[in-house]
Amino acid sequence: MHVARRKTPGSCEEDGDWCYENGFLICDATEGYILETAGRHYWAAEHVPKGARRNISNGLSIRVPSSTHAQICELAKAKKWWVDGDFDWKAAMSQGGLASANLPPEGRERAGKEWLAKMPSEPGFGDMAECLRDAESGICMQGYFESTGSQISLLGGSGGATVHWFTTGSDPSETCYKPFAFGADGGVGVEGEAAVDTAQLWRAHKQKRQGARAELLKLEAELVRRVGDAGGCATPELFLDAVQQERAVLQRFS
């Protein structure tokens, strides 16, 4: 594993050293894995088969892992975090096995699980966008801690189109998702064009310009239509055009 090599966990803020353990959702069109870390060396993974639904938040969520770091069970027994039976990653690693009262999902993790449970059999872009814009539950964080970006990936599989949608510069309640696609040979961006300045977009959205949100949602609907008209495909040029249109909307409401 690359957990120690990649210096995980790391800082969770731009100009500070506050940090916590990290979790990752890794998937393709056929299956997925949840990877969670404890310190710089220990980890656990859970296999998510096709058709299953799974979400994570900032907290340990894996109960009985599919695989783990080779020494984690030995360590947990030595520390008396775990004795016998199936190894429960969350119970053992949460406060040294003392967090049993907090094992059920809560907060944003619970809200995300509830959203997934009520979605249709084949959730689409609109279903996920509505979920990720849920500020009341805290999924879309606002206030002292804020969501700084959001992503929806529609994975085609079996030759189908794959499109990644990014906000790029703010939380999804403040802006629109824009369709992203890799260029030739996996390149990012459009040849001959400057890279997208996401920091500039972030600063613009922080001004909370009145009226801009409605226009940005109209832009998002148009982008969804254009991707649909293209057979579910996006292009680097469409992403750049979307960012330029977003900037124009923000300038009109400045």
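Suppose the filter is under 24 Å from residue 207 (Cβ atoms) and not in a strand (DSSP E or B); does residue 130 pass it? Judged against the criteria, residue 130 is not a match. Among the residues of the stretch 39-56, those that are aliphatic (A, V, I, L, M) and touching a strand residue (DSSP E or B) at 6+ places or on another chain (Cβ under 7 Å) comprise 44, 45, 48, 56. Here the stretch 150-169 is the region considered, the condition is being in a loop (DSSP other than H, G, I, E, B) and on the phi < 0 side of the Ramachandran plot, and the residue that is modelled with the lowest pLDDT is 169. Here the condition is being modelled with pLDDT under 95, farther than 30 Å from residue 121 by Cα and of a type in the set (A, V, I, L, M, F, W, C); of 75, 60, it holds for 75 alone. If you filter the stretch 206-254 down to residues that are in a helix (DSSP H, G or I), of a type in the set (Val, Ile, Thr) and under 24 Å from the mean Cα position of the chain (by Cα), you find that the one that is modelled with the lowest pLDDT is 243.
Has the stretch 64-74 got at least one residue that is surrounded by fewer than 18 Cβ atoms within 10 Å (Cβ to Cβ), without any contact (Cβ under 8 Å) to a residue 12 or more places away in the chain and among the hydroxyl-bearing types (Ser, Thr, Tyr)? Scanning the stretch 64-74, I find no residue that is surrounded by fewer than 18 Cβ atoms within 10 Å (Cβ to Cβ), without any contact (Cβ under 8 Å) to a residue 12 or more places away in the chain and among the hydroxyl-bearing types (Ser, Thr, Tyr), so the answer is no.
Tell me which residues, restricted to the stretch 85-117, are in contact with a strand residue (DSSP E or B) (Cβ under 8 Å, 6 or more places away or on another chain) and either part of a helix (DSSP H, G or I) or at pLDDT below 85 (or both). Passing the criteria: 89, 93. From the set of residues in the stretch 22-41 that are touching a residue at least 40 places away in the same chain (Cβ under 8 Å) and within 26 Å of residue 74 (Cβ to Cβ), which is surrounded by the most Cβ atoms within 10 Å (Cβ to Cβ)? Out of the qualifying residues, it is 36. Cβ-Cβ distances below 7 Å connect the following pairs, each with a first residue in the stretch 42-53 that is without any contact (Cβ under 8 Å) to a residue 60 or more places away in the chain and acidic (Asp, Glu), a second residue that is assigned to a strand (DSSP E or B) and surrounded by fewer than 19 Cβ atoms within 10 Å (Cβ to Cβ), and a separation of six or more residues or different chains: 46/33.
The values are calculated or read from the model by the stated rules, or taken from the named source; none is laboratory data. All of these numbers come straight from a predicted model, not from anything done at the bench. Note that we place each Cβ from the backbone using ideal geometry, even for glycine, and neighbour counts take in every protein chain shown.
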